[in-house]
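The values are calculated or read from the model by the stated rules, or taken from the named source; none is laboratory data. Small disclaimer: the values here were computed from a predicted structure and weren't measured. Cβ atoms come from the backbone with ideal geometry, glycine included; neighbour counts cover every protein chain shown. For the accessible areas, the whole protein counts, side chains as well, though only heavy atoms, and no ligand, DNA or RNA atoms are used. Shrake-Rupley method; radii C 1.70, N 1.55, O 1.52, S 1.80 Å.
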Amino acid sequence: MTKIIVDGKEVDVPAEYTLLQACEEAGAEIPRFCFHERLSIAGNCRMCLVELKGAPKPVASCAWSVKDCRPGPNGELPSVVTKSPTVKKARNGVMEFLLINHPLDCPICDQGGECDLQDQAMAFGVDNSRYAENKRAVEDKYIGPLVRTSMNRCIHCTRCVRFTAEVAGTADMGAIGRGEDMEITTYLETAMSSELQGNVADLCPVGALLPKPYAFKARPWELGKTESIDVMDALGSAIRVDVRGREVMRILPRVNEAVNEEWISDKTRQVVDGLQRQRLDRPYIRKDGRLVPATWSEAFAAIATRVKATTPARIGAIAGDLASVEDMFALKSLLGNLCSANIDCRQDGTKLHPANGRGSYIFNPSVAGIEEADAILIVGSNPRKESPVLNARILKRWRMGGVDIGLVGERADLTYSYQYLGAGAETLTELGNGKGFAEVLIKAQRPMVIVGQGALLREDGAAVLAACAKLAGAREGWNGLAVLHTAAARVGGLDLGFVPAQGGMDAWAMTRPGALDVIFNLGADELEIAPGAFVVYQGTHGDRGAHRADVILPGATYTEKSGLYVNTEGRVQYAERANFAPGDAREDWAILRALSEVVGAKLAFDSLADLRKALYAAHPHFARIDAIEPGSINIANAGALGTGAFTSAVDDFYLTNPIARASAVMAECSALAKGRLQQAAE
């Protein structure tokens, strides 16, 4: 730690701090445009000028380290002044320069009301300008369907350029020209290729880059803001849902250092239109081969008739990828009251099972622990598609240096370099014999083996998991087995034990012809149920599950209900309701509670509070929000490794669930991504 005086106040800060960070530690407000805590230092805007005792002129505090400050002639501590007349005059001059070419179109700019330039011009600028020349004009650029440009406003802070290079890892954006002719653009004005590109709109301090789907739809002061959790993948990124009336207008990231830092994926951000399109807003019953509208009473009566006409062994339930813990707990309780053992939350067929210990199905090192790993082996996964924000954390670790990364599976552009070891199980067998990259893992202090669902969906999935657990090894205070999930509901379902009981059928067995008479489908839209069974579909969109259903019970999306989710690292998270479901749609647990009484298997709770009380009694760790319950690994009867290549569980990043498939924006992004792949293949 190093001592420094800021505006007469002595503070003790790390020597690696910049003057800007030291000043803020002392409580001083330092304006900035180009500086960002998670990006490299550029020193472009000069707005952060401060007066450093002994320096001949004001210095850029973002580019001057505390350790570079010299003591006074008699050993006095370095002294910084942030509010002197010299500093004020310097900042006024910088702001005057920045506004020379800025169009000053605040009343029509979508950034108005939350614009850094607007705020800082009021706080640190002047009310007149000495420049009367014509402002320069810059053509707007096409950089994709997610980010809208208004490049006349650009002040060349280069935050977007540094983000795409350093965080997204794609180097999509750059600068051309010099001086007044400098312009920020993509290569040949093509669409950006990153799955994180929407974050540049958050980073832009002046409204030159804006979220295109949200443009001109609302002003920030019109919106109600709710803190929640994302469910588009299993990372559980912290988000803020902005709502006007009953409609979600936009989704923005929140800072959570342990999970997503302050980034979110493009699917998380721009799936908003999918929340309104193709919604199920009333019950339906299939009559004469067609789904026709019905009342809740009619729908419940039809279900009760079929349930009472069969035996418990012929009834089953499958939970989908977006279900909350409360919904799955209610469904499991209902099947328990009906005395059925046929339940499963693994609609993709993964071989994970709670009997192997909680440590066998969570990301044990934690997401933040990626930054501590000194060797990473990726097995059967493409993190860039399966969890782009987590992949950015791996890129961050790679940029820090001192880490070896190996890949077993599909060769892909992961935005960082790695050692390609092989395509499938044969390579994993060689590593198990201590060859090649296995030596790196053995020598590492904190090895990490990231196992994707693509490697666990196979018949030998349990053997793959056991082999990866062995490669991860055991270190004191470190469990290197990291299971990367793609479904937000999966870890919560496994924690609940939402898997077949003794003698019960798994999801794939339940979907076979003639296997069951009645299937409760809680939003499982990624599998095909064979003809024959009577399917009760509880979901939000007219997707695959609704097309197969005999009765549809309209549910609520993740923004329309309060619910618990458990992310891939086993962290319990709370999603708050931001708006209300359309029409007659209801929260899934409430639908199941009402249905249970009609089918003669009444659930023992009448409110969400009662449900959670029962949930916490049965599974106490769900009550510890934002905590990770550690688990052991006890994989028995894993079998032998097979042969063949591993494939990623996610083929199209943009269309992985019913909400995303209902989104026109995601459809456009998907088409662009497929076009890039086809062009690369040619």
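Given a 1.4 Å probe, how much area per residue of the stretch 94-139 is accessible, in Å²?
Computed with neighbouring chains in place, this is 64 Å² per residue.
Sum -39500 (n - 2.57) across every DSSP H segment of at least 4 residues in the chain, then divide by the residue count to get the 222 nm mean residue ellipticity, nearest 500.
The helix contribution divided over the chain gives -7500 deg cm²/dmol.
How much accessible area does SER40 have with a 1.4 Å probe, in Å² rounded to the nearest 10?
Probe radius 1.4 Å; accessible area of SER40 about 50 Å².
From Cα pairs below 8 angstrom and at least 6 apart in sequence, can you work out the relative contact order of the chain, rounded to a whole percent? It would help to have the intermediate numbers written out before the result.
Numbers: 1481 pairs, mean separation 98.5, N = 682.
Averaging sequence separation for qualifying contacts and normalising by length gives 14 percent for the chain.
Using DSSP to define loop residues, name the GluC sites (Glu not before Pro) in the stretch 116-196 whose beta-carbon has at most 15 other beta-carbon atoms within 10 Å.
Working: sites: GLU133, GLU139, GLU166, GLU180, GLU183, GLU189, GLU195; in loops: GLU133, GLU139, GLU195.
The qualifying sites are GLU133, GLU139.
What accessible area per residue comes out for the stretch 494-580, rounded to a whole number of Å², with a 1.4 Å probe? Intermediate results must be reported in sequence, preceding the final value.
Values: 2480 Å² over 87 residues.
The answer is 29 Å² per residue.
From the P(r) of the stretch 94-141, could you give the percentage of C-alpha pairs in the tail past 17 Å?
40 percent
Taking the stretch 134-198 as the region of interest, what is the percent of Cα-Cα pairs per 5 angstrom bin, listed from the shortest bin to the one with the maximum distance?
The distribution over the stretch 134-198 is 4, 18, 30, 27, 14, 6, 2, 0, given as percents.
Provide the packing ranking of 337-346, 433-442, i.e. peptides ordered by the mean count of other C-beta atoms within 10 Å per residue, highest first.
Values: 337-346: 22.4, 433-442: 15.4.
So the order, starting with the most tightly packed, is 337-346, 433-442.
Using a simple spin-label model with points 7 Å from Cα along the Cα→Cβ vector, what separation in nm is obtained for LEU677 and ALA309?
Here the answer is 4.3 nm between the modelled labels.
Work out Dmax and Rg for the chain from the C-alpha atoms and quote the Rg first, both in angstrom.
27.7, 95
Note down, for the stretch 317-358, the three equivalent ellipsoid semi-axes (square root of 5 times each alpha carbon gyration tensor eigenvalue), biggest first, whole angstrom.
For the stretch 317-358, the semi-axes come out at 18, 13, 10 Å.
With the radius of gyration and the Kirkwood radius both derived from the Cα set of the stretch 1-71, what is their ratio Rg to Rh?
0.92
Just how much of HIS353 is accessible, in Å², when a 1.4 Å probe is used and the result is rounded to the nearest 10?
60 Å²
Can you give the angle from 0 to 90° between the axis of helix 608-618 and the longest principal axis of the chain, with both taken from C-alpha atoms, to the nearest 10?
The two axes meet at around 80 degrees.
Which percent of the accessible area of the stretch 221-344 is formed by carbon and sulfur heavy atoms (probe 1.4 angstrom)?
49 percent
With r as the distance between the Cβ atoms of ILE176 and GLU29 and R0 = 41 Å, compute the FRET efficiency 1/(1 + (r/R0)^6) and round to 0.05. Could you put the intermediate results ahead of the total?
Working: r = 34 Å, r/R0 = 0.84.
That pair, GLU29 with ILE176, gives E of 0.75.
Less than 17 Å from a label point 7 Å out along the Cα-to-Cβ axis of ALA474: which backbone N atoms in the stretch 625-649 qualify, by residue?
Zone members listed by number: 630-637.
Accessible surface of TYR131 in the full protein assembly, 1.4 angstrom probe, to the nearest 10 Å²?
About 80 Å², rounded to the nearest 10.
Once you wrap a convex hull around the alpha carbon atoms of the stretch 314-449, what is its projected area averaged over all directions, in nm²?
That works out to 10.2 nm².
What GluC sites (Glu not before Pro) in the stretch 197-258 are in a loop by DSSP, with at most 12 other Cβ atoms within 10 Å of the Cβ? Before the final figure, lay out each step's value.
Working: sites: GLU222, GLU227, GLU247, GLU257; in loops: GLU257.
Those satisfying the criteria are GLU257.
Multiply the residue gap between GLN278 and ASP140 by 0.36 nm, knock off their C-alpha separation, and tell me the result in nm, one decimal place.
Full extension of this stretch gives 46.3 nm more.
What does the C-alpha gyration tensor say about the overall shape of the stretch 408-491? Classify as rounded when a/c is under 1.5, otherwise prolate if a/b is larger than b/c, or oblate.
It is rounded, given that a/c, with a ≥ b ≥ c, falls under 1.5.
Can you give the net charge of the other residues whose Cβ lies under 14 Å from the Cβ of MET505, counting K and R as +1 and D and E as -1?
Values: positive: ARG314, ARG346, ARG512; negative: ASP344, ASP506, ASP517.
Taking every other residue near MET505 into account, the sum is 0.
Once label points are set 7 Å from the Cα along Cα→Cβ at both ASN634 and ARG254, what is their separation, rounded to one decimal in nm?
Those two pseudo-labels are separated by 3.7 nm.
Which value, in Å², gives the accessible area per residue of the stretch 585-668 when a 1.4 Å probe is used on the protein heavy atoms?
Values: 4020 Å² over 84 residues.
I get 48 Å² per residue for this part.
Tell me which trypsin sites (Lys or Arg not before Pro) from the stretch 70-113 have a DSSP coil assignment and no more than 15 other beta carbons within 10 Å of their own.
Within the stretch 70-113, the qualifying trypsin sites (Lys or Arg not before Pro) (loop, at most 15 other Cβ atoms within 10 Å) are LYS83.
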